[in-house]
Ligand code: SF4
């Protein structure tokens, strides 16, 4: 992902991500270890599409519980930096307050940036109208922010076209 230590690297294209998801999906069926994706929220959409076709990964191989809520920047997650800055995530380094004051829970619930990220109906572009939106939480908000500067825009590394 083009952020943090990887900011000078090229991220995967949407098509490359689909190939990667297929490899992860196939490996998940036989791996003796658990595969965890970071900033790969839209694998949930990929998995759902496979599931509809009867192409399941056994529960021991899945990196998320089917039916569970997705976690994303500012959605079930927040980050506190070494200076106390409260941010949606380490990859969305927007200063929304400091843990010294006000309370962390208050920032998470009421700061406008968190309110935006908690409400998936505020997503824009193709993620706004996507039928998988609640399932994948609009893909990586961090990658979207890093590549476009807009944390509510379309996930650039998702090949899916809604509808
Ligand atoms: S278009 Fe957006 S909401 Fe739809 S599957 Fe892709 S990342 Fe998820």
key: Answer residue from segment 36-59, given it is touching a helix residue (DSSP H, G or I) at 6+ places or on another chain (Cβ under 9 Å), free of Cβ contacts under 8 Å to residues at least 60 places away in the same chain and assigned to a loop (DSSP other than H, G, I, E, B) and is farthest from the ligand (Cβ to nearest atom) among those   = 58
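Report yes if residue 116 is more than 11 Å from the ligand (Cβ to nearest atom) and either assigned to a helix (DSSP H, G or I) or in contact with a helix residue (DSSP H, G or I) (Cβ under 8 Å, 6 or more places away or on another chain) (or both), otherwise no. Walk me through how you get there before you give the answer.
Working: more than 11 Å from the ligand (Cβ to nearest atom): yes; either assigned to a helix (DSSP H, G or I) or in contact with a helix residue (DSSP H, G or I) (Cβ under 8 Å, 6 or more places away or on another chain) (or both): yes.
Against the criterion (more than 11 Å from the ligand (Cβ to nearest atom) and either assigned to a helix (DSSP H, G or I) or in contact with a helix residue (DSSP H, G or I) (Cβ under 8 Å, 6 or more places away or on another chain) (or both)), residue 116 qualifies.
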ask   = Is at least one residue of segment 134-153 more than 15 Å from the ligand (Cβ to nearest atom), closer than 22 Å to residue 38 by Cα and without any contact (Cβ under 8 Å) to a residue 60 or more places away in the chain?
value = yes
task = For segment 60-75, name all the residues that are in contact with a helix residue (DSSP H, G or I) (Cβ under 9 Å, 6 or more places away or on another chain) and either on the phi > 0 side of the Ramachandran plot or at pLDDT 95 or above (or both).
result = 72, 73, 74, 75
Subset of segment 124-150 [closer than 20 Å to residue 92 by Cα and buried (at least 24 other Cβ atoms within 10 Å of the Cβ)] = 127, 136, 137, 138, 139, 140, 141, 142, 143, 144
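The values are calculated or read from the model by the stated rules, or taken from the named source; none is laboratory data. Bear in mind the structure is a predicted one, so any value in this text is a computation, not a measurement. Cβ sites come from the backbone with ideal geometry, for glycine too, and all protein chains shown count toward neighbours.
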